[in-house]
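S.K.: My questions all concern the structure below.
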Amino acid sequence: MDVGNIGKEKREEAKAAQKQEEKQSFFQSLFSNLFKSSNPEAEKKRKLKAIAKSFSKTKYHSFYKASTIEVLPPFAKLFYDIYKFVAPAQAIFKANQNPNLYKAQVINFSLSEKQVGLLEHFDQQKIMEMARTIPIQQLSTKLEEEFSIFSAEFDNERMNRTENLYKAFSALQDFCCFDYYMLLKKFTNSIQEYNFNTLPNFEKINGEYITDDLKDFCAIAYAITDENLFWNDLFAFFKATQSTETITLGNWKKIIAKMKNIQQSGAFDLMIRHISGNTDYVTQIPSHYTSLIEPYMDKIQEEIRTTISKIGNQQKENKANQICEQIFGSTDFQTLHFYTTGINETFIKKELGTYIYTEPLNYLKAFLLEYVKKDIREFFDVVVVRGQWDASLANPMSNAYQELLKISDEITAFDNDLSEDGGSGLKIKNLLPKTAHDPGAENIINRVISDSNEQAKSFLVTAAQDLITIGKTLKQLIEDYSKQKPEIVQNWRELERFIDHPMKEFSIGIYKKIYLFVQLMQQYLS
């Protein structure tokens, strides 16, 4: 027997068989693809069958019966054990619904000693106390410098560690606060919330009842398996900030190991795919975490600025009231009828702009009536009109005085225009009811309000400038009157006959009122 020929024949037979097998494999693949495209339901059934087979090979095969689509008691037992473990922490988290509480605790735990010391200076009460002894501008500068130092302490290392600590806290909180009780109640009605004295008798249920619950659980459970979370830091934080220990680090790591094992096995995703019929389903871990440090820093800075602004406004208001008392003897009077703070209440309710110069314009109108049209007019009629002095010096004062009289009339017309019968006021009255459903009406009213504020400011600025001009000239005249040989007005003694008051005292009184009123306007315009 020729052994060589036998070997050659066997090799040829093997090659022929391989070719036949490749040919059959090609046709089987082609047929499979054709079958798949023409009958998607059959392909889905094939996939579901493969999913069921894959699940049966996991260590969690006792959780689910694919043939009847039933979730079994061992599945409920796992969730019962988790619920029993997290229940104390869940109760505490539910009792403290304010997320800012834990954010503040995490940040305070992470602050350096220098930051802890500086943080006290940013307290509103502390700032108000400092404002009693430190000028507001100086205090503002001091706090800005201290905030810069506070901010610089958050270097990359401290910032990353703080952010990671809160991420770990959020992941643990989400895991603990999952509604295990409602999920388990679907397996038995006998279970009582936070009562673990007796193990309930769980029954099998249709998988469709818990599919959404299982999806939600996987999303939060797989989040705690992140290798980048520093659990040691988190439990050090708990030890430092919590009065009672609800979860130990050792037990928590056992939970993580269990969730990681389930995640790696793919068992729960396989259950979801099979129950829902979505053969491509994969759990997505949501990335809803937002920065902790940046909003915290913005909040502190905003609170500092708001407090400084509040103190500054209060100081201005107090100063304005003091000056107003000196000028008018009271702050409680009203010379305008329509450009007032009263109408602002209506505007605010409608979320519109507001009149912002009501107080100073009210004071200006009162000053024009009480002093410009009385004392200053009397002084003007005697000294400027009858006085013998250089026109180049007299003219600026004369022009300023005439402009103030004109402004007084213009303010009256401006105020009347905002009445219900005036052009602007009537427009506001007719459009106010339409603002709820007509943005155009809102825009028109806001434009009227804005234009009114601009006009009011123009009155204030112009009047203040005119009073400054009169005040400067008046100061020169007072000095000139006191000289043995006056240089500006040649006939002072003659002019005294036309005034019922002592000239010098009368002039000084007017100058003081002008000086005080200009100061008053600066409180509102600066």
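The values are calculated or read from the model by the stated rules, or taken from the named source; none is laboratory data. Just so you know, these numbers come straight off a predicted model, no measurement behind them. For neighbour counting, all protein chains shown are included, and Cβ atoms are generated from backbone atoms with ideal geometry for every residue, glycine included. Accessible surface areas use protein heavy atoms only, side chains included; no ligands, DNA or RNA. Shrake-Rupley method; radii C 1.70, N 1.55, O 1.52, S 1.80 Å.
S.K.: Just the residues that are in contact with a helix residue (DSSP H, G or I) (Cβ under 8 Å, 6 or more places away or on another chain) and part of a loop (DSSP other than H, G, I, E, B), please, taken from segment 124-139.
M.R.: Step one: list which residues in segment 124-139 are in contact with a helix residue (DSSP H, G or I) (Cβ under 8 Å, 6 or more places away or on another chain), which gives 124, 126-128, 130-131, 134, 136, 139.
If the condition is that a residue be in contact with a helix residue (DSSP H, G or I) (Cβ under 8 Å, 6 or more places away or on another chain) and part of a loop (DSSP other than H, G, I, E, B), then Ala131, Ile134 are the ones that fit.
S.K.: Just the residues that are within 19 Å of Val372 (Cα to Cα) and hydroxyl-bearing (Ser, Thr, Tyr), please, taken from segment 390-429.
M.R.: Ser398, Tyr401, Ser408, Thr412
S.K.: Let me ask another. So, in segment 332-342, of the ones that are without any contact (Cβ under 8 Å) to a residue 60 or more places away in the chain and either open to solvent by less than 50 Å² (accessible area, probe 1.4 Å) or among the aliphatic types (A, V, I, L, M) (or both), which residue ends up farthest from Asn416 (Cα to Cα)?
M.R.: Filtering first and then ranking leaves Gly342.
S.K.: For segment 169-188, indicate whether the set of residues that are among the charged types (D, E, K, R), in a helix (DSSP H, G or I) and within 33 Å of the chain's Cα centre (by Cα) is non-empty.
M.R.: The initial filter retains those residues of segment 169-188 that are among the charged types (D, E, K, R), namely 174, 179, 185-186.
After this cut, where a residue has to be in a helix (DSSP H, G or I) as well, the list is 174, 185.
Adding the requirement that they be within 33 Å of the chain's Cα centre (by Cα) leaves 174.
Yes, there is a match, as at least one residue in segment 169-188 is among the charged types (D, E, K, R), in a helix (DSSP H, G or I) and within 33 Å of the chain's Cα centre (by Cα).
S.K.: Of all residues in segment 111-123, which are surrounded by 13 or more Cβ atoms within 10 Å (Cβ to Cβ), touching an Asp or Glu at 6+ places or on another chain (Cβ under 9 Å) and either among the hydroxyl-bearing types (Ser, Thr, Tyr) or not in a loop (DSSP other than H, G, I, E, B) (or both)?
M.R.: Across segment 111-123, the qualifying residues are Ser112, Gln115, Leu118, His121, Phe122.
S.K.: Only one of these conditions is not met by Ile407: (1) within 23 Å of Ile508 (Cα to Cα); (2) free of Cβ contacts under 8 Å to residues at least 60 places away in the same chain; (3) surrounded by 18 or more Cβ atoms within 10 Å (Cβ to Cβ). Which number is it?
M.R.: (1)
S.K.: With respect to Ser243, determine if the residue is without any contact (Cβ under 8 Å) to a residue 60 or more places away in the chain and within 36 Å of the chain's Cα centre (by Cα).
M.R.: On the way: without any contact (Cβ under 8 Å) to a residue 60 or more places away in the chain: yes; within 36 Å of the chain's Cα centre (by Cα): yes.
Spelling it out, Ser243 is indeed without any contact (Cβ under 8 Å) to a residue 60 or more places away in the chain and within 36 Å of the chain's Cα centre (by Cα).
S.K.: In addition: Just give me the residues in segment 473-522 being of a type in the set (S, T, N, Q), within 21 Å of Glu370 (Cβ to Cβ) and open to solvent by 40 Å² or more (accessible area, probe 1.4 Å), in sequence order.
M.R.: Going residue by residue through segment 473-522, those that are of a type in the set (S, T, N, Q) are 473, 476, 482, 484, 490-491, 507, 519, 522.
Keeping just the survivors that are within 21 Å of Glu370 (Cβ to Cβ) gives 473, 507, 519, 522.
Gln519, Gln522, listed by residue number.
S.K.: Residues in segment 82-98 that are open to solvent by less than 70 Å² (accessible area, probe 1.4 Å) and in a helix (DSSP H, G or I): how many?
M.R.: Of the residues in segment 82-98, the ones open to solvent by less than 70 Å² (accessible area, probe 1.4 Å) are 82-83, 85-93, 96.
Right, trim to in a helix (DSSP H, G or I) and you get 82-83, 85-93.
Looking only at that region, the number is 11.
S.K.: Another question, then. What number of residues in segment 141-167 are assigned to a helix (DSSP H, G or I), under 26 Å from Leu229 (Cα atoms), touching a helix residue (DSSP H, G or I) at 6+ places or on another chain (Cβ under 7 Å) and charged (D, E, K, R)?
M.R.: 3
S.K.: So for segment 62-81 (the condition being in a helix (DSSP H, G or I), over 49 Å from the mean Cα position of the chain (by Cα) and modelled with pLDDT of 95 or more), does at least one residue qualify? Quick ask: steps written out before the conclusion?
M.R.: In the first step, residues of segment 62-81 are kept if they are in a helix (DSSP H, G or I); the result is 62-63, 73-81.
Checking which are over 49 Å from the mean Cα position of the chain (by Cα) leaves us with 62.
So of that shortlist, the ones also modelled with pLDDT of 95 or more come out as 62.
Scanning segment 62-81 turns up at least one residue that is in a helix (DSSP H, G or I), over 49 Å from the mean Cα position of the chain (by Cα) and modelled with pLDDT of 95 or more.
S.K.: For a quick check of your reading of the model, give me the residue pairs whose first member lies in segment 139-153 and is of a type outside the set (D, E, K, R), whose second is outside any helix (DSSP H, G or I) and open to solvent by less than 20 Å² (accessible area, probe 1.4 Å), with beta-carbon atoms closer than 7 Å and at least 6 apart or on different chains.
M.R.: Note: pairs meeting the criteria are Leu139/Ala131.
S.K.: Being open to solvent by 70 Å² or more (accessible area, probe 1.4 Å) and within 16 Å of Asn344 (Cβ to Cβ) is the requirement here; does Lys429 meet it? Give the derivation first.
M.R.: On the way: open to solvent by 70 Å² or more (accessible area, probe 1.4 Å): yes; within 16 Å of Asn344 (Cβ to Cβ): yes.
So Lys429 fits the description; yes.
S.K.: Restricting attention to helices (runs of 4 or more DSSP H) lying wholly within segment 219-295, give those where 2 or more residues are open to solvent by less than 30 Å² (accessible area, probe 1.4 Å), closer than 30 Å to Lys49 by Cβ and at pLDDT 95 or above. Write out each step before concluding.
M.R.: Details: elements: 231-241, 249-265, 267-276.
Ranges flagged: 249-265, 267-276.
S.K.: Can you find a residue in segment 215-228 that is closer than 30 Å to Leu111 by Cβ and free of Cβ contacts under 8 Å to residues at least 40 places away in the same chain? Spell out how you get there, then give the answer.
M.R.: Initial filter on segment 215-228 (closer than 30 Å to Leu111 by Cβ): 220, 223-228.
Next, only the ones that are free of Cβ contacts under 8 Å to residues at least 40 places away in the same chain stay: 225, 227.
Among the residues of segment 215-228, at least one is closer than 30 Å to Leu111 by Cβ and free of Cβ contacts under 8 Å to residues at least 40 places away in the same chain, which makes the answer yes.
S.K.: Same structure again: Just give me the residues in segment 337-362 being in a helix (DSSP H, G or I) and touching a Ser or Thr at 6+ places or on another chain (Cβ under 8 Å), in sequence order. Step through it out loud before you land on a result.
M.R.: To start, the set of residues in segment 337-362 that are in a helix (DSSP H, G or I) comprises 344-349, 358-362.
Hits for segment 337-362 are Asn344, Phe347, Ile348, Thr358, Glu359, Asn362.
S.K.: Determine, yes or no, whether Thr341 is at pLDDT below 95 and polar (S, T, N, Q).
M.R.: Answer is yes for this residue.
S.K.: Also, quick follow-up: Mind listing just one residue for me: the one in segment 183-211 that is in contact with a helix residue (DSSP H, G or I) (Cβ under 7 Å, 6 or more places away or on another chain) and β-branched (Val, Ile, Thr) and, of those, farthest from Glu70 (Cα to Cα)?
M.R.: Result: Ile191.
S.K.: Can I ask one more? Look at Asp421 and say whether it is modelled with pLDDT under 95, closer than 22 Å to Gln334 by Cα and either surrounded by 20 or more Cβ atoms within 10 Å (Cβ to Cβ) or not β-branched (Val, Ile, Thr) (or both).
M.R.: On the way: modelled with pLDDT under 95: yes; closer than 22 Å to Gln334 by Cα: yes; either surrounded by 20 or more Cβ atoms within 10 Å (Cβ to Cβ) or not β-branched (Val, Ile, Thr) (or both): yes.
Spelling it out, Asp421 is indeed modelled with pLDDT under 95, closer than 22 Å to Gln334 by Cα and either surrounded by 20 or more Cβ atoms within 10 Å (Cβ to Cβ) or not β-branched (Val, Ile, Thr) (or both).
S.K.: Does any residue in segment 176-204 that is open to solvent by 90 Å² or more (accessible area, probe 1.4 Å) come within less than 8 Å, Cβ to Cβ, of a residue that is part of a loop (DSSP other than H, G, I, E, B) and of a type in the set (S, T, N, Q) six or more places away or on a different chain, and which pairs are these?
M.R.: Final answer for the pair search is Asn201/Thr188; Asn201/Ser190; Glu203/Thr188.
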